[in-house]
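Have a look at the structure below before the remarks.
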Amino acid sequence: MSFRCAFSGLLPDKAHRYVLFVLIAALVLAAPAVAAPAPQTTVNAIEAEVMCPICGTLLELAESPQAKREKVFVAKLVAEGKGKAEVKDALVAQYGPSVLALPKASGFDLSAYLVPILALAIAVVVLTFSVLRWRRSGRDEEPSASQAAADAPQGEDAERLEADLSHYDL
Amino acid sequence: MSARSLLAFLAVLAVIGLLAFGLLSKGETKIAVGDPVPDKVLPALPAPGRGSIAEYRGKWVLVNLWASWCVPCRQEAPVLQRFYRRNRQDDTTVLGINVQDNEDDARAFLREHPTGYPQLRSVGDERSAAFGSTGVPENFLVEPDGDLALIWRGPVDDQFLRERVAPLIEGS
């Protein structure tokens, strides 16, 4: 059923043309909004998390020609509706793993991964030894029943203590 | 020596060892004239296909490291194209290796500056590191047996090719 048929009889011819024009204009204006995918991340969010590999700094701080091209590349992917992980994957495919702000798993950079693990292991060992020693010293200091009996006041001391305590009896 | 002192000593030793390892492993790749050229099979640019410097064994190869964002590379491309056209009959070729770039930009560069000679693409700066590169462009003349005959860390022009590169090739 055509537009004209649908509205024939309801509106005069001039009104048909006007309504048709408004509808077409609305469709034309709305089309890009419908066609463009919604961004899943922002250029700034990506630039704060990836490197300019040549400059050795975060991309957001870099202004070299290579960094500018990398920023254009990121902006293009974000505009295409790619998520953060997808953009990072694409960056690694184009610029290599050094584009991620992560140390390499080789050479000196490997220490960035090893040192925290080593420090944690040392801390666990030190803590375990400390706890064991503390518990052992605690046990050594704890008096036995016979020791407690031997340490209890004897004779006059015991009587005086009993008398003093009796003042506090309720 | 008490256990605590021993632990402190070991910790200091570990830190010193780590620093020494860092200093040794951070050393830049050094290549020199006479060394075998660093080589690796790389994707062709534009795709598909793959290639390496070794494929041109028996020929003189002028390896040119370049990137699309590098202004001197744009000025150098026609110079290298002329050199290639003049010498390709004489067992000499030019081989471009695109580095530190993204593929779309590299392809756009080649559309704008058609070179005619073969091109490979290295992802990131992996090949630059292999060549001990400090920037782009850089040029390396490789002898027919695969050894480096000339290292030039910068752009080349007609005069340089005529006075520094051609005599090496002709002298062989």
Residue-ordered couplings for the stretch A:63-79, obtained by feeding phi - 60° into the Karplus form 6.51 cos²θ - 1.76 cosθ + 1.60 and rounding to whole Hz (Gly and Pro as x), are 10, 6, x, 5, 5, 5, 5, 5, 5, 4, 4, 5, 4, 5, 5, 5, 5
In the neighbourhood of B:Glu163 defined by beta carbon distances under 14 Å, the net charge of the other residues (Lys, Arg +1; Asp, Glu -1) is -1
Mean accessible area per residue over the stretch B:117-172 (1.4 angstrom probe, all protein chains present, square angstrom) is 41
Taking a probe of 1.4 Å and leaving out DNA, RNA and ligands, the stretch A:64-170 shows per residue an accessible area in Å² of 73
Over the protein assembly as shown, the sum of -39500 (n - 2.57) across DSSP H runs of at least four, divided by residue number and rounded to 500 deg cm²/dmol, gives at 222 nm -16000 deg cm²/dmol
Taking Cα atoms, the helix B:71-87 axis meets the longest principal axis of chain B at an angle in degrees (rounded to 10) of 50
Charge dipole of the protein assembly as shown built from unit charges on the beta carbon (Lys, Arg +1; Asp, Glu -1), centred at mean Cα; most positive-end Cα among A:Ile54, B:Val136, B:Ala106 is B:Ala106
Once the in-chain neighbours fewer than 8 apart are removed, the aspartates and glutamates whose Cα is under 13 Å from A:Lys84 read A:Glu47, A:Glu49
Among residues of the stretch B:8-22, a drop of 30 Å² or more in 1.4 Å probe accessible area, assembly relative to the chain on its own, occurs for B:Leu18, B:Phe21
The percentage of the accessible area of the protein assembly as shown (probe 1.4 Å, all protein chains present) made up of carbon and sulfur atoms, to the nearest whole number, is 63
Listed by chain and number, the residues whose amide H is under 5 Å from that of B:Ile97, excluding neighbours fewer than 5 places away on the same chain and using placed H, are B:Asn64, B:Leu65, B:Trp66, B:Leu120
In the stretch B:80-127, the residues losing 10 Å² or more of accessible area (1.4 Å probe, heavy atoms of protein chains only) relative to their chain alone are B:Gln100, B:Asp101, B:Asn102, B:Glu103, B:Asp104, B:Asp105, B:Arg121, B:Val123, B:Gly124, B:Asp125
Looking only at lysines whose Cα falls under 26 Å of B:Lys59's and that sit 8 or more positions away or on another chain, we get B:Lys30, B:Lys40
When A and B pair up, the total accessible heavy-atom area removed from solvent (1.4 Å probe), in Å² to nearest 100, is 1500
With 0.36 nm assigned to each residue of separation and the Cα-Cα distance removed, B:Arg4 to B:Arg111 gains 31.7 nm
Percent antiparallel among DSSP beta bridges confined to the stretch B:1-151, rounded to 5, stands at 55
Quick calc, the stretch B:88-164, dipole around Cα centre from Cβ unit charges on Lys, Arg (+) and Asp, Glu (-), nearest 20 debye, gives 100
The size of the Cβ-based charge dipole (Lys, Arg +1; Asp, Glu -1) of chain B about the Cα centre, to the nearest 20 debye, is 260
Sorted by chain and number, the residues with a modelled amide H under 5 Å from that of B:Tyr117, at a separation of 5 or more or across chains, are none
Rounded to the nearest 10 Å², the accessible area of A:Glu63 using a 1.4 Å probe with every protein chain kept is 120
Here the relative contact order (percent) of chain B, from C-alpha pairs under 8 Å and at least 6 apart, is 28
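The values are calculated or read from the model by the stated rules, or taken from the named source; none is laboratory data. These figures come from a predicted structure and were not determined experimentally. Virtual Cβ from ideal backbone geometry, glycine too; neighbours counted across all protein chains shown. Just the protein is used for accessible areas: all its heavy atoms, side chains included, with ligands, DNA and RNA removed. Shrake-Rupley method; radii C 1.70, N 1.55, O 1.52, S 1.80 Å.
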